[in-house]
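Data block below; observations after.
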Amino acid sequence: MPDRTSIDEQIWAMHRATPPRPLPSPPPRYSIINYEQLAEIYDPEADAQSDLLEPSWQHALSSFLTTCFTYKQPSFFEKRPPASLAIERQAYLAGATEVLCARFDLPVPAWVHDPDLVLPQLWDPNERIMCVFPMDHRLARAHPLFLRHNVLDEERNLICV
């Protein structure tokens, strides 16, 4: 029986093997092709009032990732996340950018190395659901490119299937 790491690697290999589609001009109407557009559809106030696990953030991020996995364009990462996003979200997206660029052999933009995108303390964007696991377990599963930004997250959380 394959373990979760080997399954994840098979999914990443499948995504890498799928050639990027050419990005039409103009892009499809509902495609989120950069972090500015992601920030435009994200509504932190709605998430703060929701009993669900940040539905607005999950929708915005999922929309971006779906487009990213389809077109795999370096232009999606040219600009850093806007200051309208909380610094934790900006740091998260810096880590996600590094992971995605590594997985798709894209150039890593210089902005991800901005020291402001390293949080002063460890932040777990999934704390509400992952708190049942001990911290050493969560740290062991965290991806080093997220940890570089002091964000506790797994690479598998970026996979679109």
Residues (crowded, with 18+ Cβ neighbours inside 10 Å and in a helix (DSSP H, G or I)) located in the range 112-125: V112, L117
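Answer yes or no: is there a residue in the range 13-29 that is of a type in the set (K, R) and either touching a Pro at 6+ places or on another chain (Cβ under 6 Å) or part of a helix (DSSP H, G or I) (or both). Don't jump to the end; show me each part of the working.
Going through the range 13-29, the residues of a type in the set (K, R) turn out to be 16, 21, 29.
Still in the running and either touching a Pro at 6+ places or on another chain (Cβ under 6 Å) or part of a helix (DSSP H, G or I) (or both): 16.
Yes, the conditions are met somewhere in the range 13-29.
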Conditions (1) under 25 Å from A13 (Cβ atoms); (2) at pLDDT 95 or above; (3) of a type in the set (K, R): number failed by R89: (1)
Residue match in the range 38-51 (condition: crowded, with 18+ Cβ neighbours inside 10 Å and either part of a helix (DSSP H, G or I) or of a type in the set (G, A, S) (or both)): yes
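Does L145 meet the test of being out of contact with any strand residue (DSSP E or B) (no Cβ under 8 Å at 6 or more places or on another chain), farther than 11 Å from A91 by Cβ and not in a helix (DSSP H, G or I)? Break it down into steps so the answer makes sense when it comes.
Details: out of contact with any strand residue (DSSP E or B) (no Cβ under 8 Å at 6 or more places or on another chain): yes; farther than 11 Å from A91 by Cβ: yes; not in a helix (DSSP H, G or I): no.
Against the criterion (out of contact with any strand residue (DSSP E or B) (no Cβ under 8 Å at 6 or more places or on another chain), farther than 11 Å from A91 by Cβ and not in a helix (DSSP H, G or I)), L145 does not qualify.
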Cβ pairs under 7 Å, 6+ apart, first in the range 139-159 and within 13 Å of E98 (Cβ to Cβ), second assigned to a loop (DSSP other than H, G, I, E, B) and of a type in the set (K, R): none
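What tally of residues in the range 17-42 results from selecting those that are farther than 22 Å from L93 by Cα and of a type in the set (S, T, N, Q)?
Here the count works out to 2.
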Test set (1) touching a Ser or Thr at 6+ places or on another chain (Cβ under 8 Å); (2) assigned to a helix (DSSP H, G or I) - F64 fails condition number: (1)
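For the range 15-41, how many residues are of a type in the set (F, W, Y) and in contact with a Leu (Cβ under 7 Å, 6 or more places away or on another chain)? Before you say what the answer is, go through the steps one by one.
In the first step, residues of the range 15-41 are kept if they are of a type in the set (F, W, Y); the result is 30, 35.
Filter once more, keeping what is in contact with a Leu (Cβ under 7 Å, 6 or more places away or on another chain): 35.
Summing the residues that are of a type in the set (F, W, Y) and in contact with a Leu (Cβ under 7 Å, 6 or more places away or on another chain) in the range 15-41 gives 1.
Out of Y71, Y42, Y92, Y35, report the one residue that is in contact with an Asp or Glu (Cβ under 8 Å, 6 or more places away or on another chain) and either closer than 20 Å to N126 by Cβ or touching a residue at least 40 places away in the same chain (Cβ under 8 Å) (or both). Steps first, please.
On the way: Y71 fails: in contact with an Asp or Glu (Cβ under 8 Å, 6 or more places away or on another chain); Y42 fails: in contact with an Asp or Glu (Cβ under 8 Å, 6 or more places away or on another chain); Y35 fails: in contact with an Asp or Glu (Cβ under 8 Å, 6 or more places away or on another chain).
So the residue among Y71, Y42, Y92, Y35 that is in contact with an Asp or Glu (Cβ under 8 Å, 6 or more places away or on another chain) and either closer than 20 Å to N126 by Cβ or touching a residue at least 40 places away in the same chain (Cβ under 8 Å) (or both) is Y92.
The values are calculated or read from the model by the stated rules, or taken from the named source; none is laboratory data. Quick caveat, the model's predicted, so the values are computed rather than measured. Counting neighbours? That spans all protein chains shown, and the Cβs are built from the backbone with ideal geometry, glycine included.
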